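Notes follow the structure.
The values are calculated or read from the model by the stated rules, or taken from the named source; none is laboratory data. This is a predicted model, so every value here is computed, not measured. Cβ sites come from the backbone with ideal geometry, for glycine too, and all protein chains shown count toward neighbours. Side chains included, ligands, DNA and RNA excluded: accessible areas come from the protein's heavy atoms. Shrake-Rupley method; radii C 1.70, N 1.55, O 1.52, S 1.80 Å.
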Amino acid sequence: MVKQREQLLKTIGERVKEARLAKGLSHVQLANEAEIAVSQVWRIETGKVNVTVVTLFAIAEALDVRVTDLLVGNTKN
């Protein structure tokens, strides 16, 4: 179960990073837009922290994506 949780956090982090890069934002810019610390963006993207729902919504809003895109991937393709 622990490995599954770790993998889930890494996967969410990868999706956040992909969306951030697709929008052309730096860590600092995303942090400012989402009103979170730059270090928090890094920890989320690397799967080092369990992101809260509120933070995930702020990130999704800043990246102009749906929260579900960050949780289960982009299903628009």
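Taking the range 25-36, which residues are surrounded by 12 or more Cβ atoms within 10 Å (Cβ to Cβ) and either acidic (Asp, Glu) or free of Cβ contacts under 8 Å to residues at least 24 places away in the same chain (or both)?
Quick first cut of the range 25-36, residues surrounded by 12 or more Cβ atoms within 10 Å (Cβ to Cβ) only: 25-27, 29-34, 36.
The answer is Ser26, His27, Gln29, Ala31, Asn32, Glu33, Ile36.
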Picked from the range 60-72 (must be open to solvent by less than 30 Å² (accessible area, probe 1.4 Å) and of a type in the set (A, V, I, L, M, F, W, C)), the residue farthest from His27 (Cα to Cα) is Val67
If you go through the range 64-76 one residue at a time, do you hit one that is under 15 Å from Thr11 (Cα atoms), touching a residue at least 40 places away in the same chain (Cβ under 8 Å) and among the hydrophobic types (A, V, I, L, M, F, W, C)? yes
Being free of Cβ contacts under 8 Å to residues at least 12 places away in the same chain and within 10 Å of the chain's Cα centre (by Cα) is the filter; apply it to the range 37-59 and report the residue that is surrounded by the most Cβ atoms within 10 Å (Cβ to Cβ). Arg43
